[in-house]
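First up is the structure itself, then whatever we jot down about it.
The values are calculated or read from the model by the stated rules, or taken from the named source; none is laboratory data. Because the structure is a prediction, the values reported are computed rather than measured. We place every Cβ from the backbone using ideal geometry, glycine too, and count neighbours over all the protein chains shown.
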Amino acid sequence: MDSGSRAAFTEFVHARGPALQRTAYLLTGDWALAEDLVQTALARSYPRWSRIEAADPEAYVRRALVNTYASWWRRRWRGEVPHGELPDLATGDRWADVDSRAALHAALGRLPRRMRAVVVLRYHEDLPETEVARLLGISVGTVKSQCAKALGKLRADAGLAGYEPAAKEA
């Protein structure tokens, strides 16, 4: 395509693009899909522009727009079949775990630093009491008492009310 045809195409798109977009929106009912439809119609018209611009370019592009829309409509999958009754499918709450984790994280944040460290190392990292004591530089008895006090505070924490402890895996 020569530079004159390219310039004429660019001028046509700038002048008539909004009108084509409105037409495509009325066809599709979706602004983003309308943009795709206009772009596809213009992309199909561009290689033939030197022949089209001599005739009526807007009519040609509108025809390409409507034909593209019709081909999209014909290709749409029609595999869904409506039913009078929906099947009963029980699904769990996918986000319940996220909520309980956030509540537990907030409750851990309300513990004093040492208790939080003991609980995290003992239960999250699954370290033995002796290793927790060694890492924190405290006695094993202190680890045990801090764990007991921390678990008591977590059980009494109002932010964790309503959350059940996770079932242990066998």
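Within the stretch 1-43, if we keep just the residues that are surrounded by 15 or more Cβ atoms within 10 Å (Cβ to Cβ) and over 24 Å from SER71 (Cβ atoms), the residue that is modelled with the highest pLDDT turns out to be ALA8.
Restricting TYR46, TYR69, TYR60 to residues that are of a type in the set (Phe, Trp, Tyr), within 31 Å of the chain's Cα centre (by Cα) and at pLDDT 75 or above narrows the list to TYR69.
Taken across the stretch 162-169, residues that are surrounded by 14 or more Cβ atoms within 10 Å (Cβ to Cβ) and at pLDDT below 90 do occur, with at least one present. Among the residues of the stretch 124-138, at least one is basic (Lys, Arg) and either surrounded by 11 or more Cβ atoms within 10 Å (Cβ to Cβ) or at pLDDT 80 or above (or both).
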